[in-house]
Amino acid sequence: MAVHSDILARLYQRHYPGALLYALSLCRNRPLAEDLVQEAFIRAYLDLPDDIPSFPYWLMRVLRNLLIDHHRRQKFQSDGEVPEQWDTETPEDSLLRREDIRALYRGINALEVGDRELLSLFYFAQLPLGEIARLLNVSAAAAKTRLYRARQRLAQRMKEDHYEF
């Protein structure tokens, strides 16, 4: 059992920051994001299929499904629309210390959910484009095109905020 807990601890240390940033980019609620990431790690580790190409891919897939399930529960409980953003005050400043990274993170957060998800998976979770395509159930070419367009929208947003790299 100690071997399994050591493996899980190493996976957690390595992939937690990217998973947390991905969850934060979609739900914008740090306590919720932390809870979902923790649950995703446990589920991903315990239910890891033999044919999965990588643990980070599987983790993000499990986390994405948990976020979708949470949205559905919120919608069911409220009998209304799921809000696009739940909590606009996230503590990203404590996670991201350098000003250029904070500006980039703010720019990403200002984008639509699909763009935030794609950019977070690519840059924060550091998943390869092929795995992102599989996770989002699109072709590699479509993922590449969507990533390109999301980058363009991000660059435009950063320019509108008078911030250029």
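The values are calculated or read from the model by the stated rules, or taken from the named source; none is laboratory data. Treat the numbers as computed from the prediction; the structure is a model and nothing was measured. Note: ideal-geometry Cβ built from the backbone for every residue, glycine included; neighbour counts use all protein chains shown.
Here are the numbers for the structure shown:
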{"item": "Enumeration of residues in the stretch 91-134 that are modelled with pLDDT under 80 and closer than 13 Å to Arg151 by Cα", "result": "Leu104, Tyr105"}
{"item": "First in the stretch 13-36 and surrounded by 20 or more Cβ atoms within 10 Å (Cβ to Cβ), second anywhere and of a type in the set (Gly, Ala, Ser) and not in a helix (DSSP H, G or I), Cβ under 7 Å, 6 or more apart", "result": "Gly18/Ala125; Ala19/Ala125; Tyr22/Ala125"}
{"item": "Filter result (of a type in the set (A, V, I, L, M) and either closer than 16 Å to Ile108 by Cβ or part of a loop (DSSP other than H, G, I, E, B) (or both)) within the stretch 1-52", "result": "Met1, Ala19, Leu20, Leu21, Ala23, Leu24, Leu26, Ala33, Leu48, Ile52"}
{"item": "Checking Met60 against (1) at pLDDT 85 or above; (2) loosely packed, with under 11 Cβ neighbours inside 10 Å, the condition it does not meet", "result": "(2)"}
